[in-house]
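Peer 1: Structure provided below as structure tokens; questions to follow.
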Amino acid sequence: MTADTFQPWLNFVHPVLMWVLLAATLYAMYLGIQARRTRLADAETRKELIKGKFALKHHKVGSVLMAFMVLGTIGGMGATYLESGKLFVGPHLLVGLGMAGLITTSAALVPFMQKGSETARLSHISLNVILVGLFGWQALTGVQIVQRLLSNL
């Protein structure tokens, strides 16, 4: 088997990975909301919510999500370059790069959040809400790109 055998299918690794990451992003958001609920709850409710270990799960899922989102972004660019010999600088690429920047900036706020900074916490939440919105838009534009790729097979 040669590289040409895998080349047509390489273009579909990025979209599949990103759809999985979109689902993981929504799960991470749920965990983050639950972690915040736990932190802000009254003593009785907090006792019950702590059992869910939402903050720990949010941190773990978020870490994996960041790694795979950045690698998926690079992989998508690499697959595009291998297929066409160039990158198509347009909204999908630019928003994807922006998302990689947003998620890494959001993660960089964690040490400040652990020290109790409410500003860092609100910035983290805001960046991630924007990230989820952009991710939804990316999913839709990515489907359009996949449809074009399929029509060229």
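The values are calculated or read from the model by the stated rules, or taken from the named source; none is laboratory data. Nothing here was measured: the structure is a model prediction, and the numbers come from that model. Cβ sites come from the backbone with ideal geometry, for glycine too, and all protein chains shown count toward neighbours.
Peer 1: For segment 97-153, give me the residue count where each residue is of a type in the set (D, E, K, R) and within 16 Å of Gly32 (Cα to Cα).
Peer 2: 2
Peer 1: Filter segment 129-153 for residues that are within 12 Å of Leu26 (Cα to Cα) and of a type outside the set (A, V, I, L, M, F, W, C) and give the result.
Peer 2: Residues satisfying the conditions are Gly133, Gly136.
Peer 1: Please find, among Thr25, Thr5, the residue that is in a helix (DSSP H, G or I), hydroxyl-bearing (Ser, Thr, Tyr) and at pLDDT 95 or above.
Peer 2: The conditions single out Thr25.
Peer 1: List the number of the failed condition for Val13; all other conditions in (1) among the β-branched types (Val, Ile, Thr); (2) in contact (Cβ under 8 Å) with a residue 60 or more places away in the chain; (3) within 29 Å of Gln114 (Cβ to Cβ); (4) surrounded by fewer than 16 Cβ atoms within 10 Å (Cβ to Cβ) hold.
Peer 2: Among (1) among the β-branched types (Val, Ile, Thr); (2) in contact (Cβ under 8 Å) with a residue 60 or more places away in the chain; (3) within 29 Å of Gln114 (Cβ to Cβ); (4) surrounded by fewer than 16 Cβ atoms within 10 Å (Cβ to Cβ), the lone unmet condition for Val13 is (3).
Peer 1: Continuing with the same structure: Looking at (1) part of a helix (DSSP H, G or I); (2) under 20 Å from Gln114 (Cα atoms), which one does Gly52 not meet, given that it meets all the others?
Peer 2: Condition not satisfied by Gly52: (1).
Peer 1: Given the criterion under 25 Å from Ser123 (Cβ atoms), in contact with a helix residue (DSSP H, G or I) (Cβ under 6 Å, 6 or more places away or on another chain) and at pLDDT below 95, identify the matching residue among Gly72, Gly76, Gly62.
Peer 2: Gly72
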